[in-house]
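This report concerns only the one structure given below.
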Amino acid sequence: MVAVSGPEKISIGFDQDILSDLRRRLAQVRWAPDFNNNDWGYGVEGKYLKSLVEYWADGFDWEAQAQAMNVFDHYRVVIDSVPIHYMVRKGVGPSPIPIVLTHGWPWTFWDFRSVVAPLADPASHGGDPADAFDVIVPSLPGFGFSVPLRKGVNYWQVADLWHKLMTDVLGYQKFAAHGGDWGAIVTAQLSHKYAQDLYGIHVSMPVWPGLFTQARPYDLLGSILPHLSADDAANAIAVERRVVSHITTQIVDPQTLSYALHDSPVGLLAWLLERWRAWSDCGDDVETRFSRDAMLTNATIYWATESFVTSARFYAEAARQPWQPSHAREPAFEAPAGVSLFRNDHTALFPERSLANYNMHFRAEHASGGHFAAAEEPDAVVDDIRATFRDLR
């Protein structure tokens, strides 16, 4: 028996007191000194961060962003004591099928903003109406509007929640799934445990089963490094340099970090900004991939919903609640799968090796685009999702 409360239709918005307090804090920053850091070699460069903060305080229009979000329908439901926000756009076509899109960190649901309408209404965006989807975009538990979270939830439990959302709450007998970052891992787990209820899956980052379950989950390379070729080892070390600080801290000490970032919007923005720049295909100029409004919308969502702490704990829960396989069959992810490889995803560790875990149905490679595929290359993601499911409907 699934314990469900709702769903309740909601509108996106924040109390003006929260936004006024945010602007006050932005105006009273005690700036850390920064020198010899024009290349971001020590972390986020101060001059650029100050310019972004000045715009956040005096130029950024949150109300315009909320108005754009409210073009879509938003709901809140509580499933097994976990609050879930989700956004919906119904499909326009002869026979839409449902698809759940799952984001990652430091993403929000709004990183899918450019793919939702084309997936739901392809004819209005140069596509075939036969490719239409009912698009459902939840916020991960403890992220954004899926708060307050009062219990630890990890990625394989999110797959259970998404299955209940799609089947028990929304009433679909079968559905499709897509994800990137954590969303790719959640989607893979759906394919592992619930393949019979899926048309198929599509991911923008291939993964392998049981991530973060090794004895030292914060050690990305650990015992495998001595067994790699020289080229693989060099690539793996480069990847680790880009991700190790946030993975280690958010697995081992997420609460300690959160006291600082929950109190300082500038500290929060800097932590998020570092990842947007390091993991995207931006050539070290983050605004070639993300507008200031896009970055500050996500930062405002994290800040105003007070969700950084529970989003950071998502890493710790993955390590503290080890994955348990539902079966030993191969491939581990049994549903028909589409995989898009974005070759400038600077977090991708051995993507070719990961493909063996999937029941491959469609594959595409893209020379442009990084870790935030749906935000960086939305047209490619839309095309690949359509192609994956065209003959699986």
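With a ≥ b ≥ c the root eigenvalues of the C-alpha gyration tensor of segment 335-387, is it rounded (a/c under 1.5), prolate (a/b larger than b/c) or oblate? Walk me through the numbers on the way to the answer.
Working: a/c = 2.36, a/b = 1.15, b/c = 2.05.
The shape class here is oblate.
When you count the other C-beta atoms within 10 angstrom of each residue and take the mean per peptide, 40-46, 172-178, 323-329 line up highest first as 172-178, 40-46, 323-329. Between their Cα atoms, which of Lys50/Lys90; Lys90/Lys193; Lys9/Lys151; Lys9/Lys164 are more than 30 Å away from each other? The pairs that break the limit, which is 30 Å between Cα atoms, are Lys50/Lys90.
In the context of the full set of protein chains, residues of segment 227-333 present 43 Å² of accessible surface per residue (probe radius 1.4 Å, heavy atoms only).
Under 1.5 on a/c is rounded, so check that first for segment 36-87, then, if it is not, pick prolate when a/b is larger than b/c and oblate when it is not; a ≥ b ≥ c are the square roots of the alpha carbon gyration tensor eigenvalues. Oblate is the answer for segment 36-87, as a/c is 1.5 or above yet b/c matches or exceeds a/b. Relative to one another, the C-alpha centroids of segment 324-357 and segment 26-65 are positioned 37 Å apart. Straight-distance candidates among the aspartates and glutamates for linking to Lys47, with alpha-carbon spacing under 19 Å and chain neighbours fewer than 8 residues away dropped: Asp34, Asp39, Asp58, Glu274, Asp284, Asp285, Glu287, Asp293. The listed peptides 90-99, 104-113, ordered by packing as a protection proxy, come out as 104-113, 90-99 (highest mean of other Cβ atoms within 10 Å first). Sorting 360-373, 156-169, 63-76, 19-32 by their mean Cβ neighbour count within 10 Å, with the most densely packed peptide first, gives 156-169, 360-373, 63-76, 19-32. Take every DSSP beta bridge whose two residues both sit in the chain; close to 40 percent of them are antiparallel. With the cut-off at under 16 Å, measuring from each backbone N in segment 148-190 to a point 7 Å along the Cα-to-Cβ line of Glu306 picks out 148-151.
First compute the accessible area of the chain with a 1.4 Å probe, then give the percent of it belonging to carbon and sulfur atoms. The value for the chain is 48 percent carbon and sulfur by accessible area. 3J(HN,Hα) along segment 202-212, derived from phi through the Karplus expression 6.51 cos²θ - 1.76 cosθ + 1.60 where θ = phi - 60°, amounts to 9, 10, 9, 7, x, 9, 10, x, x, 4, 6 Hz, with x in place of Gly and Pro. Calculated [222 nm] ellipticity per residue, helices only, for the chain: -12000 deg cm²/dmol; basis is -39500 (n - 2.57) per DSSP H run with n ≥ 4, divided by all residues, nearest 500. Gyration tensor analysis over the Cα atoms of segment 143-209 returns equivalent ellipsoid semi-axes of 19, 16, 10 Å (largest first, whole Å).
Counting only protein heavy atoms and a 1.4 Å probe, segment 126-221 has 29 square angstrom of accessible area per residue.
With every protein chain left in place, what is the accessible area per residue of segment 1-69 in square angstrom, probe 1.4 Å?
On the way: 4720 Å² over 69 residues.
Here the per-residue accessible area is 68 Å².
Summarising the label geometry, the points placed 7 Å from Cα in the beta-carbon direction at Asp80 and Glu330 lie 3.0 nm from one another. Overall, the anisotropy analysis places the chain in the rounded class: the square-rooted eigenvalues a ≥ b ≥ c of its C-alpha gyration tensor yield a/c less than 1.5. Among Asp61, Asp383, Asp15, the largest mean-square fluctuation in a Gaussian network model of the chain (Cα springs under 10 Å) belongs to Asp15.
The values are calculated or read from the model by the stated rules, or taken from the named source; none is laboratory data. Model, not experiment: these values are computed from the prediction. Note that we place each Cβ from the backbone using ideal geometry, even for glycine, and neighbour counts take in every protein chain shown. Remember, those area values only see protein heavy atoms, side chains included, never the ligands or the DNA or RNA. Shrake-Rupley method; radii C 1.70, N 1.55, O 1.52, S 1.80 Å.
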